[in-house]
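Participant: I have a structure I would like to understand better, so I am pasting it below and will then ask my questions one at a time.
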Amino acid sequence: MGTFKSRLQTDLTEAIRARDELRSSTLRLTLTAVTNEEVAGKEARELSDAEVLKIVVREAKKRREAAEAFELGGRAESAARERAEGEILAEYLPKQLDDAELKGIVAAAIAETGASGPSAMGQVMKVVRPKVGDRAEGGRIAAEIKSQLGS
């Protein structure tokens, strides 16, 4: 099947052939971010699939934040473009947990740690994070833990 990065490159080539401007520019930007990361250290190296996934997660988050900023600035067209790019990137991410699944994992972690009150947030996060992995972003997890700890 090849690496995650080669899948992105293959999909980029297909998008260019299909003249899909949105998909090709989104994948091109993401692959640039991957390349930048590969040459960032003292010596160039090939990133693992997990590291490439982290970059895709980061890029998707940037699109979501940009869309929110454009929305607040009254620039609906730019916000729509960022959202569309985010949706393309979402295809490469693990399926996200729905609210009920996340609630259940957090509730189980609180029960398991016996945590209570806002000061226990870090303790609960340590248990939840490995169980959730890349299937929910940190901010969403933190908000759920906060609401369940009643802070």
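The values are calculated or read from the model by the stated rules, or taken from the named source; none is laboratory data. Since we're looking at a predicted model, the values are computed, not measured. We place every Cβ from the backbone using ideal geometry, glycine too, and count neighbours over all the protein chains shown. Ligands, DNA and RNA are excluded from the accessible area calculation, which covers all protein heavy atoms including side chains. Shrake-Rupley method; radii C 1.70, N 1.55, O 1.52, S 1.80 Å.
Participant: Residues to consider are Ala136, Ala115; find the one that is under 12 Å from the mean Cα position of the chain (by Cα) and either farther than 26 Å from Leu53 by Cα or aliphatic (A, V, I, L, M) (or both).
Facilitator: Ala136
Participant: Given the residues Glu59, Glu85, Glu38, which is the only one that is under 24 Å from Asp11 (Cα atoms), of a type outside the set (Ser, Thr, Tyr), out of contact with any helix residue (DSSP H, G or I) (no Cβ under 7 Å at 6 or more places or on another chain) and open to solvent by less than 30 Å² (accessible area, probe 1.4 Å)?
Facilitator: Numbers: Glu59 fails: out of contact with any helix residue (DSSP H, G or I) (no Cβ under 7 Å at 6 or more places or on another chain); Glu85 fails: out of contact with any helix residue (DSSP H, G or I) (no Cβ under 7 Å at 6 or more places or on another chain).
It is Glu38.
Participant: Here is a follow-up. Looking at Ala76, Ala120, which is the one that is surrounded by 15 or more Cβ atoms within 10 Å (Cβ to Cβ) and more than 21 Å from the chain's Cα centre (by Cα)? Steps first, answer last, please.
Facilitator: On the way: Ala76 fails: surrounded by 15 or more Cβ atoms within 10 Å (Cβ to Cβ).
Selected residue: Ala120, the only one of Ala76, Ala120 that is surrounded by 15 or more Cβ atoms within 10 Å (Cβ to Cβ) and more than 21 Å from the chain's Cα centre (by Cα).
Participant: Do we have Ala111 as surrounded by 15 or more Cβ atoms within 10 Å (Cβ to Cβ) and under 20 Å from Arg140 (Cα atoms) here? If you could, list the steps in order and put the result at the bottom.
Facilitator: Values: surrounded by 15 or more Cβ atoms within 10 Å (Cβ to Cβ): no; under 20 Å from Arg140 (Cα atoms): yes.
So Ala111 fails the test.
Participant: From the list Ala108, Ala100, Ala79, Ala136, exactly one residue is small (Gly, Ala, Ser), within 19 Å of Lys62 (Cα to Cα) and at pLDDT 85 or above. Which is it? Before the answer, list the steps.
Facilitator: Numbers: Ala108 fails: within 19 Å of Lys62 (Cα to Cα); Ala100 fails: within 19 Å of Lys62 (Cα to Cα); Ala136 fails: at pLDDT 85 or above.
Going through Ala108, Ala100, Ala79, Ala136 in turn, just one is small (Gly, Ala, Ser), within 19 Å of Lys62 (Cα to Cα) and at pLDDT 85 or above: Ala79.
Participant: Just wondering, is there one or more residues in region 98-112 that are in a loop (DSSP other than H, G, I, E, B) and within 16 Å of the chain's Cα centre (by Cα)? Steps first, answer last, please.
Facilitator: The first filter runs over region 98-112 and keeps only residues in a loop (DSSP other than H, G, I, E, B), leaving 98.
Those left that are additionally within 16 Å of the chain's Cα centre (by Cα): 98.
Within region 98-112 (the criterion being in a loop (DSSP other than H, G, I, E, B) and within 16 Å of the chain's Cα centre (by Cα)), the answer is yes, since at least one residue qualifies.
Participant: Does at least one position in region 6-23 carry a residue that is over 19 Å from the mean Cα position of the chain (by Cα), open to solvent by less than 30 Å² (accessible area, probe 1.4 Å) and without any contact (Cβ under 8 Å) to a residue 24 or more places away in the chain?
Facilitator: Yes, because at least one residue in region 6-23 is over 19 Å from the mean Cα position of the chain (by Cα), open to solvent by less than 30 Å² (accessible area, probe 1.4 Å) and without any contact (Cβ under 8 Å) to a residue 24 or more places away in the chain.
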